[in-house]
Amino acid sequence: MNGARELDPRSAIRALHRRRPRSRLVRWTVAGLALLAAWAWSPRVEVLGVRFGSGEIATGELFSARRRANLERFLTEEAMPAPLREAGFSWRGLFDWAGAILADHGWSAMLATLWISILAVVLAAAVATLLAPLASRTLATRDPYQLCGDNCRHGPGWRALTTLTRLLLVALRAVPEYVWAFLLLAMLGPSAWPVVLALAIHNAGILGRLGADTIENLDAAPLRALRMLGASRRQLTGVAILPLALPRLLLYFFYRFETCVREATVLGMLGVVSLGYWIQDARARHRYDEMLLLVALGACIVIASDILSTLARASARRGS
């Protein structure tokens, strides 16, 4: 009986749960966030001269009758394609309406958003590929992967190089894409290039930092073995580090591509004829049905990129 109890999976799970590591920092952080959230959502109440709650967010208004009526009107009228509001819903009418918008400006705006995003993320990845090895504290050293021990791992020149490269990556990603776009619009004038360069600059800083962290987190044992066999820094990077880091780098690349699609849509509102431009135009004319269709086109690009990312990473893991 005692042996059966010791082998009971439920008892073993409970025992593991009791012996789990406990962090006071995590518990206090969760409790603090819960209190802050409760404070932000709670109405302002004064008790004995002491005010409780922020009162900044009127949660009751979200569920008011007026809000429900607005939501119902939007879903049943404004979001319904204009030709179908009086004639009634039909698949033929829906396809004719969507086809007319796509033929007029939908496809061209979708392609413009796609090309802007592709060009921006490729430029960002190219810059990040050059900067990430220089920002890696395991590769950009006097002797990568410590063949001569801790005493000669970092030289002052290499330490300065990694520090300056990391500061550059921080500076690139610290400025939002919108700010870069406004600055570049003033310098280059209205065209697609300010949006492309704004997205490329910001994402180069993000991809560069993620790439450097990926290199630093690789298993050092096989890389150290290659160094002991005489592999140079360049050979180590091309033959070992890049193949080992490729699945993770592809994940970051496609994630930032999805971000570029979304940001290119938003930045199109600055005047670049992309999805954002026509979304803003439809909103200004209160054509919410057309606006939703254009938003769906942007979502289609993101979904397609996610599928491509999954296939690319699976292929990289298989080594094909």
**Study point:** Cβ-based exposure ranking for Trp28, Trp158, in which fewest neighbours within 10 Å come first
**Key:** Trp28, Trp158
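Magnitude of the Cβ-charge dipole of the stretch 120-260, K/R +1 and D/E -1, about the Cα centre, nearest 20 debye? Spell out each step's value before the answer.
On the way: 13 positive and 7 negative charges, 77 e Å.
In debye, rounded to 20, the stretch 120-260 gives about 380.
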Review point. Where in the chain are the DSSP H helices whose alpha-carbon span along the long axis reaches 24 Å or more and whose Kyte-Doolittle mean is at least -0.5?
Key: 24-41, 107-135, 156-174, 193-216, 242-267, 288-318
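Test of understanding: ordering Tyr288, Tyr145 by Cβ neighbours within 10 Å, fewest first, what list do you get? If you can, show how the numbers build up before the last one.
Working: Tyr288 16, Tyr145 21.
In order of increasing Cβ crowding within 10 Å: Tyr288, Tyr145.
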Check your understanding: Among Val302, Val121, which comes first, second and so on when ranked by fewest other beta-carbon atoms within 10 Å?
Key -> Val302, Val121
Point to revise | Equivalent ellipsoid, the stretch 120-260 (semi-axes from 5 times Cα gyration tensor eigenvalues, Å) | key: 33, 16, 10
Study note, to complete from the structure: Sorted largest first, the Cα spans of the stretch 185-246 on the principal axes come out in Å as 54, 19, 15
Review point. With Cβ to Cβ distances under 12 Å as the rule, what net charge do the other residues near Asp213 carry (K, R +1; D, E -1)?
Key: +3
Study note, to complete from the structure: Distribution output for the chain: share of Cα-Cα pairs per 10 Å bin in percent, first bin at 0, values 5, 16, 18, 22, 20, 13, 6, 1, 0
Practice item. State to the nearest 20 debye the size of the charge dipole of the chain about its Cα centre, where the only charges are +1 on K and R beta carbons and -1 on D and E beta carbons. Key: 1780 debye
Exercise for review: Using the Kirkwood radius over Cα pairs, work out the Stokes-Einstein diffusion coefficient for the stretch 231-320 at 25 °C and 0.890 mPa s, in µm²/s as a whole number.
Suggested key: 160 µm²/s
Exercise for review: DSSP loop (so not H, G, I, E, B), at most 12 other Cβ within 10 Å: list which trypsin sites (Lys or Arg not before Pro) in the stretch 222-310 pass both filters.
Suggested key: Arg285
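Laboratory data are not the source of any read-out in this text; all were calculated from the coordinates shown. Just so it is clear, the model here is predicted, and its values are computed rather than measured. FYI the Cβ positions are ideal-geometry reconstructions off the backbone, even for glycines, and counts take in every protein chain you see.
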